Amino acid sequence: MIAQELVNTAKKLVAGDKGLLAMDESNSTCNKRFAKLGIPQTEEARRAYRELIVTTPGLEDYISGAILTDETIRQKAKDGMPFVKVLEAAGIIPGIKVDAGAKDMAAHPGEKITEGLDGLRDRLAEYSQMGARFVKWRAVLVIGGGIPSRSCIEANAQTLARYAALCQEAGLVPVVEPEVLMDGDHTLERCSEVTEDVLHTVFGQLYRQRVMLEGMLLKPNMVLPGLDCPKQETTDVIADVTVRCLLRTVPPAVPGITFLSGGQSAELASARLNAMNVSFKSRLPWALSFSFARAVQQPALEIWQGKEIFAAEAQEALYHRTKCNGAARRGEYYAAMENPVTLRKARKG
Ligand code: 5MM
């Protein structure tokens, strides 16, 4: 019974041309983004921003599920309606980030291990009772001289798998997010090699921890050269290398892959997802979708600046990004969608 529910929820999250909206920045990350724009770093400002997001008109056109945080899942809109109910009323499935963050890994300089397994069973029961139907946990892998180490990859993979097993026990779909960071001057080939190793290890651990692959989603990085790598690559090359890496590592039983954006610009994230779907969609066993945070929210946040008078314009920008990513899922995104004139016409039409 639980198994069928998990499968149904996972499929629903990647159905059609919709994707996930990651609005799960921890308070400290959210505050850092607010600070850069002069927005007060208060609980009320974070609440107001999250209200702007969940009440965006038409959000449900291209968003199937939204990932909240422990603070956000307890917050309400100004009219008193809990955000979970606002999402449900729009047909959007509420999700929740449950990791406690990536911390320095002991005896492994420059590497991270994600914490949060202690007490997780009880927290999952509470979130489920509050309306969450899917869950997210992020592991972070850094590429550098001699890293990521075998022990860091294995520790994070085992932790992700133990988290995923606990989620399924609670009837919640786990989104498994092993992120190989873009920071550094590594090449595309090195990122591909590391991502392949990480995903092989993660799926080995998911098997060992008895996670049902049909009832989970994978949230990986796209395979990209490091931000400081002198040789950047074309959209088509990135699409080819990313899909090849996933075909080698992700079993067909997994219903969907929902990419993180990882610091790419909003436009590049859409263009690269689009290129993958244009070239490969009809031949892939899983849906290729999105679970972006910055690549959906950043333009809206920059317009909003914490000021109510800009809220409607910020919502339009947020909606526009979800629409671009919906188009990318169909392989129908094109650069002119970003043109302000085209954008205005699209808003009217
Ligand atoms: C990689 O971060 C995830 C996707 O966001 P981007 O599309 O911006 O890369 C995101 O869900 C992230 O896990 C959350 O924002 C939580 O991050 P912190 O570091 O605040 O816990």
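A few points about this structure:
- Options 138, 150; residue that is basic (Lys, Arg) and more than 16 Å from the ligand (Cβ to nearest atom): 150
- Exclusive hit being open to solvent by less than 30 Å² (accessible area, probe 1.4 Å), within 16 Å of the ligand (Cβ to nearest atom), in a loop (DSSP other than H, G, I, E, B) and within 21 Å of residue 70 (Cα to Cα), set 164, 132: 132
- Of all the criteria given as (1) surrounded by fewer than 16 Cβ atoms within 10 Å (Cβ to Cβ); (2) within 17 Å of the chain's Cα centre (by Cα), the one not satisfied by residue 4 is (2).
- Test for residue 66: is it in a loop (DSSP other than H, G, I, E, B), under 20 Å from residue 262 (Cα atoms) and small (Gly, Ala, Ser): no
- The one condition in (1) within 13 Å of the ligand (Cβ to nearest atom); (2) open to solvent by 10 Å² or more (accessible area, probe 1.4 Å) that residue 310 fails to fulfil: (1)
- Qualifying position, being within 17 Å of the chain's Cα centre (by Cα) and within 14 Å of the ligand (Cβ to nearest atom), among 13, 68: 68
- Lone qualifier among 247, 288 - being surrounded by fewer than 20 Cβ atoms within 10 Å (Cβ to Cβ), closer than 30 Å to residue 211 by Cα and either of a type in the set (Phe, Trp, Tyr) or out of contact with any Leu (no Cβ under 6 Å at 6 or more places or on another chain) (or both): 247
- Residue within the range 85-98 that is in contact with a strand residue (DSSP E or B) (Cβ under 7 Å, 6 or more places away or on another chain), more than 24 Å from residue 328 (Cβ to Cβ) and part of a loop (DSSP other than H, G, I, E, B) present: yes
- In the range 285-298, residue farthest from the ligand (Cβ to nearest atom) [restricted to those that are of a type outside the set (A, V, I, L, M, F, W, C) and farther than 15 Å from residue 317 by Cα]: 285
- Helices (runs of 4 or more DSSP H) wholly inside the range 184-284 containing at least 2 residues that are among the charged types (D, E, K, R) and away from the ligand (no atom under 16 Å from the Cβ): 188-208, 235-249
- Residue 171 under 20 Å from residue 67 (Cα atoms), in a loop (DSSP other than H, G, I, E, B) and open to solvent by 10 Å² or more (accessible area, probe 1.4 Å): yes
The values are calculated or read from the model by the stated rules, or taken from the named source; none is laboratory data. Note that the coordinates shown come from a computational prediction; the quantities given were computed from them, not determined experimentally. Because the Cβ atoms are built from the backbone with ideal geometry, glycine has one as well, and the counts that use them run over all protein chains shown. Accessible surface is based on the protein model in full, side chains and every heavy atom, while ligands, DNA and RNA are left aside. Shrake-Rupley method; radii C 1.70, N 1.55, O 1.52, S 1.80 Å.
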